[in-house]
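Engineer: Dumping the structure here so I can ask a few things about it.
The values are calculated or read from the model by the stated rules, or taken from the named source; none is laboratory data. Remember, it's a predicted structure, so these values are computed and weren't measured experimentally. Cβ placement follows ideal geometry from the backbone for every residue including glycine, while neighbour counts extend to all protein chains displayed.
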């Protein structure tokens, strides 16, 4: 997922996407442990997307706290 697309999303949508990505990461790790994955690099991509979303959410929280 591109950073520009993430920045355009609302915080509510980001939280929803974050929970979906965490669920997907769990499934990928479970699949890797049991029967292997066709593309183990998918785990790395999902982790990066989770980190990007967390970064944007943190930036927004910091901006809100500065405004108050």
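Engineer: Taking the stated definitions as given, is residue 11 closer than 24 Å to residue 60 by Cα, surrounded by 11 or more Cβ atoms within 10 Å (Cβ to Cβ) and at pLDDT below 95?
Structural biologist: Spelling it out, residue 11 is indeed closer than 24 Å to residue 60 by Cα, surrounded by 11 or more Cβ atoms within 10 Å (Cβ to Cβ) and at pLDDT below 95.
Engineer: Could you grab the pairs with beta carbons closer than 8 Å, sequence gap of 6+ or different chains, first residue in segment 50-68 and on the phi < 0 side of the Ramachandran plot, second one at pLDDT below 95 and in a helix (DSSP H, G or I)?
Structural biologist: The qualifying pairs are 52/3; 52/6; 53/6; 56/3; 56/6; 56/7; 57/11; 60/11.
Engineer: Are there any pairs, at least 6 apart or on different chains, whose C-beta atoms fall under 7 Å, with the first in segment 1-26 and on the phi > 0 side of the Ramachandran plot and in contact (Cβ under 8 Å) with a residue 60 or more places away in the chain and the second assigned to a helix (DSSP H, G or I) and surrounded by 11 or more Cβ atoms within 10 Å (Cβ to Cβ), and if so, which?
Structural biologist: none
Engineer: Can you tell me which residue within segment 17-53, out of those that are under 18 Å from residue 2 (Cβ atoms) and out of contact with any helix residue (DSSP H, G or I) (no Cβ under 7 Å at 6 or more places or on another chain), is surrounded by the fewest Cβ atoms within 10 Å (Cβ to Cβ)?
Structural biologist: 41
Engineer: Further, regarding this structure: When segment 23-64 is examined, which residues are found to be part of a helix (DSSP H, G or I) and more than 17 Å from the chain's Cα centre (by Cα)?
Structural biologist: If the condition is that a residue be part of a helix (DSSP H, G or I) and more than 17 Å from the chain's Cα centre (by Cα), then 30, 31, 32, 33, 34, 62, 63, 64 are the ones that fit.
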